[in-house]
Amino acid sequence: MSPLLQVSDLHASYGDFRVLHGLDFAVGQGGVTTLLGANGAGKTTTLRALCGMIRHSGRIVFEGADIAGRPTEEIVRLGIAHVPEGRGTFTGLTAEENLLCGAMARSDRGAIAADVERVYGWFPRLKERRRQQAGTLSGGEQQMLAIGRALMLRPKLMLLDEPSFGLAPLIVAELFEILRKVGEEEGVALLIVEQNAALALELADRAYLIETGCMVMSGSAAEIRDDESVRAAYLGY
Amino acid sequence: MELLIQQLVTGIATGGIYACMALAVVMIYQAIHHLNFSQGEMAMFSTFVAWQLLQWGLPYWAVLPLTVAVSFAGGMAIERLVIRPLGQAPILSHIAVFIGLFAVINSLAGFIWDFTIKPFPSPFGEGSQLGGLISNHQIGMIGVTLVVLLFLYLFFRYTRIGLAMRAAAENPASARLVGIRVGRTVALGWGMAAAIGSIAGILIAPLVFLEPNMMLSILLYGFAGAVLGGLSSPAGAVFGGFAIGVIENLAGTYIPVVGDELKLPIALLLIVTVLVFKPTGLFGRPVVQRV
C-alpha cells in the first residue's frame with residue numbers, strides 16, 4: 001500500500017536562512033508518525049512547509065498528487081488539518097464558533113452539527129464551555145479546542161505541532177490518550193512533532209529524527225526508542 | 001423641552017449615517033488593519049451614481065438596490081486592483097494610497113458630474129410627523145439604518161460566510177489553516193463596506209446636497225464614532241456613530257460658542273480625547289487571552 005504522504009528532498013528557508021536541507025519521509029495510511037528533534041532542528045518548519053505556509057521546494061505527494069507549492073487553504077481542502085504551534089485559537093470567537101470554523105472547507109453542511117457533537121464526545125469539557133470566548137479557556141482546553149477544530153475537517157491526515165507544549169503532565173497524558181483513540185477510531189493518520197520524545201515514542205508507530213534540518217535516523221518507534229544514541233541525547237536515561 | 005427632543009431626534013437620525021460610515025471603516029480596519037481615508041469619497045461617488053440613475057428616470061426603489069450592487073462591485077474592484085498589490089507594505093504606503101484614492105475619486109466625480117451643488121430627492125417626502133418634531137426623511141433615515149444594521153448583525157452572527165469573515169479578520173494565518181480563502185473574505189469586506197457607505201451617502205444627500213465634497217465632514221464624524229466605540233468592535237462603532245450624532249447636535253444647540261461652525265472640531269476633540277484616555281475605545285477592549 002502506498003503511503004498517504006510521501007515527502008522527498010524537502011528544502012525550506014526563511015529569507016536567506018536555509019532551515020531544511022532535503023528531508024525524505026513518509027506517513028502511512030492511518031497510524032501515528034512522529035518527527036523528533038531538538039529545539040530549532042526544523043520540526044515546525046517541516047509542518048509549515050507541508051501546509052504551504054513557507055517557501056519550500058521538493059516533492060510533497062499526498063494521495064498520489066504533488067501538492068508542493070499549492071496555497072495553504074487549498075491544501076487544507078484535500079483533508080490535511082494542521083494543529084499549529086501556539087494552537088491558533090480564534091480568541092474572540094466562542095469555543096463552538098472555533099469548532100465551526102474547522103468545518104469551513106467542507107461542503108457537506110448537513111453533517112456539521114453532528115460532528116460538533118462528536119467532538120464534544122471526545123472533549124466533554126469543551127461542551128461546558130461552548131459559549132465562552134475561546135481566549136479565556138485554559139491552555140489545555142485551547143489545545144483540545146485546536147484538535148477538535150482540526151477534527152471538524154474530517155481530515156485524512158492531522159499535523160500536530162507540539163501538542164504537549166506548556167501543559168501540565170496530567171493534561172498531556174489525557175490528551176495523548178485521546179489522540180491515540182481519535183487516530184484509531186476515526187481512521188486519521190497523525191504526524192506529531194514533539195520535543196517530549198519519550199511521550200511521542202510511546203504513542204507513535206514510526207519515528208524520524210531531525211538534526212539541524214537533516215534527517216539522521218528513521219525506523220519503527222521501538223527501534224528508535226532502543227537506540228543508544230537517541231536514548232542518551234533525547235530520552236535522558 | 002421640545003427643542004431638546006427635537007435635537008435628540010435629529011442627532012439620532014444623522015447619527016445613524018455616522019454609524020454606517022463608522023461601521024464601514026471598522027469592517028475594512030478589521031480586514032486589513034488600516035483606516036480607509038477614501039471611504040467617504042467612495043460613498044460620495046456611489047451617491048452620484050444613484051443620482052445619475054434617477055436622472056435617467058429609474059424609480060427610486062430600483063435605484064437603491066442597483067446602486068448598492070454597483071458599489072459592492074466597485075469596493076471589491078478597488079481591493080483587487082489597488083489594495084491587494086500592496087500586500088504587507090508599510091503603513092505609510094497604505095496611507096499614501098488611501099489619500100491617492102481619495103483625490104482620484106473626488107476629482108473623477110467632479111470631472112464627470114461637475115462641482116455644482118445638486119439637490120437629491122428623498123423618497124420619504126417633505127412632510128413631518130408629531131407636530132413637526134421629526135421629518136419624514138429623518139424617520140426614513142433611522143428606519144433604513146436600523147434595517148441595515150440588523151441585517152449585518154444577523155449576517156455576521158448566524159451565517160457561515162459571516163463567521164468566516166470574523167475568523168479571517170481576527171487571525172488570518174489560522175483562518176487559512178481551516179481552509180478559509182482569506183483573500184476572498186477581505187474582498188467581500190471591501191464590497192460590503194462600499195455598499196454600506198453607499199446607503200449612508202444616499203440617505204444623507206437630501207440633507208447636505210450632492211457635491212464631490214459632501215462626505216468630507218460625514219467621514220470625520222464616522223471616524224470619531226469608530227474611535228469612540230473602538231476600532232476593534234463593530235457594535236461599538238455603531239454605538240459611537242449614534243453617540244457622535246447626538247453629541248454634535250446637542251453641543252451645537254446648547255453650547256453658544258459651538259453653534260453650527262464649530263461642530264466639526266468637536267468630533268476632532270472627541271477623537272483626540274478618546275485616543276489619549278482610552279485608546280481602545282469604549283467597547284474595543286483588547287481581547288482577553290490566557291497563555
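The numbers here are math on the coordinates, done by the rules we state, and not lab data. As the structure is a computational prediction, the values presented were derived from the model and not from experiment. With ideal geometry, Cβ positions are generated from the backbone for all residues, glycine too; neighbour counts draw on all protein chains shown.
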- Query: To the nearest 10 degrees, how steep is helix B:39-55 against the longest Cα principal axis of chain B, on a 0 to 90 scale?
  - Reply: 60
- Message: In whole Hz and in residue order, list the ³J(HN,Hα) couplings for segment A:34-41 that follow from phi through the Karplus curve 6.51 cos²θ - 1.76 cosθ + 1.60, θ = phi - 60°; x for Gly and Pro.
- Response: 10, 9, 10, x, 6, 3, x, 6
- Task: Note down the net charge around A:THR212, summing +1 for each Lys or Arg and -1 for each Asp or Glu among other residues with Cβ under 15 Å from its Cβ.
- Result: +1
- For a label point 7 angstrom out from the Cα of B:THR116 toward its Cβ, which stretches of segment B:184-220 have the backbone nitrogen within less than 15 Å? B:210-212
- Query: When the chain is fully extended, how far beyond the present Cα-Cα distance does B:LEU268 get from B:TRP56, taking 0.36 nm per residue of separation?
  - Reply: 72.4 nm
- Note on the structure: Length-normalised contact order of chain A, Cα under 8 Å, at least 6 apart, in percent, tallies to 27
- Low-density loop trypsin sites (Lys or Arg not before Pro), segment A:103-135, at most 13 other Cβ within 10 Å, DSSP non-H/G/I/E/B, are A:ARG131
- In what sequence do B:LEU177, B:LEU216 fall when counting other Cβ within 10 Å, fewest first? B:LEU216, B:LEU177
- What list of ³J(HN,Hα) couplings, whole Hz, do you get for segment A:56-71 from phi and the Karplus terms 6.51, -1.76, 1.60, once you set θ to phi - 60° and write x for glycine and proline? 7, 9, x, 10, 10, 9, 10, 6, x, 10, 7, 9, 4, x, 6, x
- Message: I need the semi-axes of the equivalent ellipsoid of segment B:145-291: take the C-alpha gyration tensor, multiply each eigenvalue by 5, square-root it, list largest first in whole angstrom.
- Response: 32, 20, 12
- Can you give the calculated 222 nm mean residue ellipticity of the protein assembly as shown, where each DSSP H run of n ≥ 4 adds -39,500 (n - 2.57) and the sum is split over every residue, rounded to the nearest 500 deg cm²/dmol? -18000 deg cm²/dmol
- Message: If the elastic network links every pair of Cα atoms under 10 Å, which of A:GLU117, A:GLU141, A:GLU96 fluctuates the most in the Gaussian network model of chain A?
- Response: A:GLU117
- Message: Can you give me the angle between helix A:112-122 and the longest principal axis of chain A, using Cα atoms only, in degrees from 0 to 90, rounded to the nearest 10?
- Response: 70
- The answer for A:LEU36, listing residues at least 5 apart or on another chain whose modeled amide H is closer than 5 Å to its amide H, is A:TYR208, A:LEU209, A:ILE210
- Please work out the Cα center distance from segment B:189-224 to segment A:16-62, rounded to the nearest Å. 50
- According to a simple spin-label model (label point 7 Å from Cα along Cα-to-Cβ), what is the distance in nm between B:TYR153 and B:ILE95? 3.6
- Using the Karplus equation 6.51 cos²θ - 1.76 cosθ + 1.60 (θ = phi - 60°), what ³J(HN,Hα) coupling, rounded to whole Hz, does each residue of segment B:67-80 give in order, writing x for Gly and Pro? 5, 4, 5, 4, 5, 4, 5, x, x, 4, 5, 4, 4, 5
- Message: For segment A:83-154, what does the relative contact order come out to in percent, with C-alpha contacts under 8 Å and a separation of six or more?
- Response: 54
- Note on the structure: The answer for chymotrypsin sites (Phe, Trp or Tyr not before Pro) in segment B:182-235 that fall in a DSSP coil and have at most 16 neighbouring Cβ atoms within 10 Å is B:PHE209
- Listed residues B:GLY110, B:GLY245, B:GLY125; largest mean-square fluctuation, Gaussian network over chain B with Cα springs below 10 Å, found at B:GLY125
- Would you mind checking which residues have amide H under 5 Å from A:VAL19's amide H? H placed 1.01 Å from N; only 5 or more apart, or other chain. A:ALA12, A:SER13, A:TYR14
- Taking springs between alpha-carbon atoms closer than 10 angstrom, which of B:VAL147, B:VAL63, B:VAL238 fluctuates most in the Gaussian network model of chain B? B:VAL147
- Task: Could you check how many percent of all C-alpha pairs in the protein assembly as shown are farther apart than 36 Å?
- Result: 44
- Among chymotrypsin sites (Phe, Trp or Tyr not before Pro) in segment B:96-140, those in a DSSP loop whose Cβ has at most 13 other Cβ atoms within 10 Å are B:PHE115
- Taking only the alpha-carbon atoms of chain B, what semi-axes of the equivalent ellipsoid follow from 5 times the gyration tensor eigenvalues under a square root, in whole Å, largest first? 30, 24, 19
- Message: At a threshold of 8 angstrom on Cα-Cα distance, excluding pairs fewer than six apart, so keeping six or more, what relative contact order does chain B reach in percent?
- Response: 36
- Tilt relative to chain A, helix A:169-186 - C-alpha long axis, 0 to 90 degrees, to 10: 90
- Query: Label points 7 Å out from Cα along the Cβ direction at B:LEU108 and A:GLU63: separation in nm?
  - Reply: 4.3
- Task: May I ask you to order B:226-236, B:155-165, B:6-16 by the average number of other C-beta atoms within 10 Å around their residues, highest value first?
- Result: B:226-236, B:6-16, B:155-165
